[in-house]
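The values are calculated or read from the model by the stated rules, or taken from the named source; none is laboratory data. These figures come from a predicted structure and were not determined experimentally. All Cβ positions, even for glycine, are placed from backbone atoms using ideal geometry, and neighbour counts span all protein chains on display.
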Amino acid sequence: MNALDSTHDPKRRAWVTSAHAPDSDFPIQNLPLGVFSREGGTPRGGVAIGDHVLDLRAALEAGLISGEAAEAAAEPSLNRLMAMGRAASRALRAAVSELLAEGNAAASQADAILVPMQAARMQLPCAIANFSDFMASRDHSWRLGARRDPVAPLPPAFDSLPVAYHSRASSVRVSGEPVVRPNGQWKRKDGVYFGPTEALDYELELAVWLAGENALGVPVPMSQAPERLFGYGLLNDWSARDVQRWEMPPLGPFLAKSLSTSVSPWIVTAEAMIPFEVPAAPRAEGVAPPLPYFDSDWNRTRGGLAIAMEVWLLTRRMRVEGSGPARLTATDFATMAWTPAQMVTHHASNGCNLLPGDLLGSGTCSGPTDEARACMAEIILTGPIELPNGETRRFLEDGDEVIFRGRAHAPGAVSIGFGECRAEILPAPPWPAG
């Protein structure tokens with residue numbers, strides 16, 4: 001199993017000076033992977049470092065890195081690198097860390113291999129064949145479930161397995177692309193209605209990107225699950241709550257969720273997250289341990305992740321007034337009841353073949369405190385949201401922009417970030433006539 005190495009050394013510094021800024025998401029200890037293009041150029045792989053992108057194709061052509069992993073990472077999609085497995089991403093990380101380390105002669109070629117972040121147009125990091133969304137937070141499930149059934153707020157299977165549903169891969173979009181308010185059908189007091197949703201919500205989630213592949217019919221036990229975790233990002237599972245309440249019984253979410261899913265463009269590799277692995281969250285009082293196939297020494301001691309996650313809201317009026325966004329949510333992924341490795345093992349337990357670049361959503365990452373409520377549907381259980389400028393919200397309005405941020409943290413380690421996941425809400429299109 002993976003261990004700390006020189007790439008995690010808190011004393012290691014980059015020759016890219018912006019990587020040393022205390023608030024930088026992308027110090028040399030991070031080195032997340034993504035796909036970008038320059039204006040008029042073709043997409044290619046890159047690595048975030050400070051306020052720049054290391055152009056992997058340019059670094060290859062300059063002879064600064066080499067090998068099949070580097071070739072795969074420089075392509076317009078990370079799928080081939082993901083298919084090669086964790087050993088390839090480990091080797092690439094080590095090579096890039098040496099290339100960017102202070103004192104490396106590559107600094108003399110900075111103009112040829114670095115692209116300012118502002119000049120890079122980010123793309124989806126890979127072709128996504130499948131997207132499954134989980135429900136890992138007991139606090140989220142309990143709060144919303146208690147409104148429906150105070151006696152039995154949790155789904156019957158919640159404490160036995162990580163509940164999930166298959167979502168829509170084709171509507172996953174990279175951060176920065178707007179979200180169009182969807183039309184839908186739901187039940188009002190005066191009857192069934194069709195029109196633009198009146199209850200558009202965000203859900204703060206962790207994106208889990210998969211490496212490798214298992215053949216159809218071959219499960220992935222907990223001993224192998226960590227090697228299937230390629231990396232992580234931020235994910236907004238946009239939700240039309242009025243549509244969701246009406247359509248869910250008995251088959252689960254459908255059009256309320258497939259309208260759009262936003263993901264942050266950078267994948268923080270599982271190797272970068274090693275310093276931030278923590279024990280899996282303890283089971284709730286009185287809850288039996290999971291069945292043995294969900295257990296492993298590694299998961300018990302390192303299956304969780306310490307990631308501080310935040311949601312900020314920037315309204316149209318705030319932009320006009322020149323004020324900054326307001327924070328709505330502050331939570332931590334370490335409190336989740338199910339770990340990414342357990343999600344992988346459960347997903348493949350029936351022999352489902354998980355593919356390179358498959359995307360898992362953790363589900364809403366709500367924690368136990370009020371400020372850790374990670375969607376508006378939870379926040380408004382205690383009343384409307386009051387913003388600092390006097391505006392109020394129950395759900396999102398046109399012109400609102402939702403911004404996710406996250407930072408992994410651990411004593412003695414250099415904190416690393418995920419970049420932003422953001423999108424603005426556009427009005428619903430008029431329904432076609434005729």
### Query
Here are some residues: 57, 38. Which one is of a type in the set (Lys, Arg), outside the structural domain of residue 421 (by TED's automatic domain parsing) and surrounded by fewer than 17 Cβ atoms within 10 Å (Cβ to Cβ)?
38
### Query
When you look at residue 338, is it crowded, with 21+ Cβ neighbours inside 10 Å and either outside the structural domain of residue 43 (by TED's automatic domain parsing) or in contact with a Leu (Cβ under 7 Å, 6 or more places away or on another chain) (or both), yes or no?
yes
### Query
Restricting the first residue to the range 11-23 and requiring it to be in the same structural domain as residue 93 (by TED's automatic domain parsing), which pairs with a second residue that is of a type in the set (Lys, Arg) meet a Cβ separation below 8 Å and a spacing of at least six or different chains?
19/13; 20/13
### Summary
Looking across the range 82-121 at residues that are not in a helix (DSSP H, G or I) and not aliphatic (A, V, I, L, M), the single one that is surrounded by the most Cβ atoms within 10 Å (Cβ to Cβ) is 85
### Query
Within the range 380-434, which residues are within 17 Å of the chain's Cα centre (by Cα) and closer than 19 Å to residue 321 by Cα?
402, 403
### Task
Give the residues of the range 183-213 that are at pLDDT 95 or above and in a loop (DSSP other than H, G, I, E, B), sorted by residue number.
197, 198, 199, 202, 211, 212, 213
### Query
residue 285 versus (1) modelled with pLDDT under 95; (2) under 15 Å from the mean Cα position of the chain (by Cα): which is the lone unmet condition?
(2)
#### Entry: residue 388, sole failed condition from (1) in contact with a helix residue (DSSP H, G or I) (Cβ under 8 Å, 6 or more places away or on another chain); (2) surrounded by fewer than 16 Cβ atoms within 10 Å (Cβ to Cβ); (3) in contact (Cβ under 8 Å) with a residue 24 or more places away in the chain
(1)
### Message
Tell me whether the range 328-350 contains one or more residues that are without any contact (Cβ under 8 Å) to a residue 12 or more places away in the chain, of a type in the set (Gly, Ala, Ser) and over 15 Å from residue 225 (Cβ atoms).
### Response
no
### Query
If residue 70 satisfies every condition in (1) crowded, with 24+ Cβ neighbours inside 10 Å; (2) assigned to a helix (DSSP H, G or I) but one, which is the exception?
(1)
### Query
Quick one: how many residues across the range 182-206 are crowded, with 24+ Cβ neighbours inside 10 Å and acidic (Asp, Glu)?
3
### Message
Please pick out the residue among 365, 352 that is at pLDDT 95 or above, touching a His at 6+ places or on another chain (Cβ under 8 Å) and assigned by TED's automatic domain parsing to the domain that holds residue 403.
### Response
365
## Note on the structure
Within the range 11-35, the residues that are over 20 Å from residue 109 (Cα atoms) and out of contact with any helix residue (DSSP H, G or I) (no Cβ under 9 Å at 6 or more places or on another chain) are 11, 21, 22, 23, 25, 32, 34, 35
#### Entry: Near pairs, Cβ below 6 angstrom, 6+ apart or cross-chain, from the range 293-309 (more than 18 Å from residue 332 (Cβ to Cβ)) to any residue that is at pLDDT below 95
298/1
### Query
Of the residues 280, 308, which single one is among the aliphatic types (A, V, I, L, M), within 18 Å of residue 162 (Cβ to Cβ) and in the same structural domain as residue 369 (by TED's automatic domain parsing)?
280
### Query
When both residues are 6+ apart or on different chains and their Cβ atoms are under 7 Å apart, which pairs have a first residue that lies in the range 202-230 and is among the β-branched types (Val, Ile, Thr), and a second that is part of a helix (DSSP H, G or I)?
208/340; 208/343; 220/228; 220/344; 220/345; 220/348
